[in-house]
């Protein structure tokens, strides 16, 4: 069964550094999403991407965040200058339409 | 925006017991999903169920859209069922909004 994959599974970075989290959505899906989950809290929406542009973003998704689909398979989340409070699990998801979203296994980001 | 409330927040079960988890939402929805977050943090999609009833093995779910709630039933629980169960909904054209989850611990 096709699945969403994410790399790396765990990323440790120093405050102020840039990080890029990578995702490979399911191949025939058209909608792509990033969510984050701070430890012990609920999952929060960051951004959705359709037709090569951002379709919606939350208040969390400020200027330090950006997303890109650099080729036909990858979908990336970049955090320009990480802060301690960016430490969280980041999930990528994809869907064929606005129905079922399939989630990747997540990348645990630790900012020190 | 839409509010999603899950109950109970925590649940401890003896292996073999049955349980019902509840998800209430404050507005009409066109998508509702149940997820299991395992101890490694992975979110496993259990059901896509904006209305009606579905079953998958020992798990089943029912959504009564007109009354704005969904129930997840776990029968004959096993230790591997432990983790956090999330309900998440889409209302209109919004992204998925998650509840705070129910933390389930199944003890042998």
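Brief remarks follow.
- Applying 0.36 nm per residue to the separation of residue A:110 and residue A:50 and subtracting their alpha-carbon distance, the gain on full extension is 18.8 nm.
- Label point 7 Å beyond Cα of residue A:96 along Cβ direction - residues of segment A:16-46 with amide nitrogen under 16 Å: A:26-32
- Mean Cα-pair separation over length for chain B, i.e. relative contact order, pairs under 8 Å, 6 or more apart, %: 38 percent
- Inter-chain Cβ neighbour count for A:85-91, averaged per residue, equals 1 (cutoff 10 Å, partner chain atoms only).
- Distance from the C-alpha centroid of segment B:1-22 to that of segment A:5-23: 33 Å, rounded to the whole angstrom.
- Globularity index of chain A, i.e. its alpha-carbon radius of gyration over 2.2 N^0.38 Å: 0.99
- Listed residues A:33, A:90, A:102, most fluctuating in chain A (Gaussian network, C-alpha, under 10 Å): A:102
- Per residue, the convex hull spanned by the alpha carbons of chain B comes to 85 Å³.
- Overall Cα dimensions of the protein assembly as shown - principal axes, largest extent first, Å: 48, 36, 33
- Most mobile of A:98, A:69, A:80 in a GNM of chain A (Cα contacts under 10 Å): A:98
Throughout, read-outs are computed from the coordinates displayed, never taken from laboratory work. Quantities reported herein were computed from a predicted structural model and do not represent experimental measurements. Note that we place each Cβ from the backbone using ideal geometry, even for glycine, and neighbour counts take in every protein chain shown.
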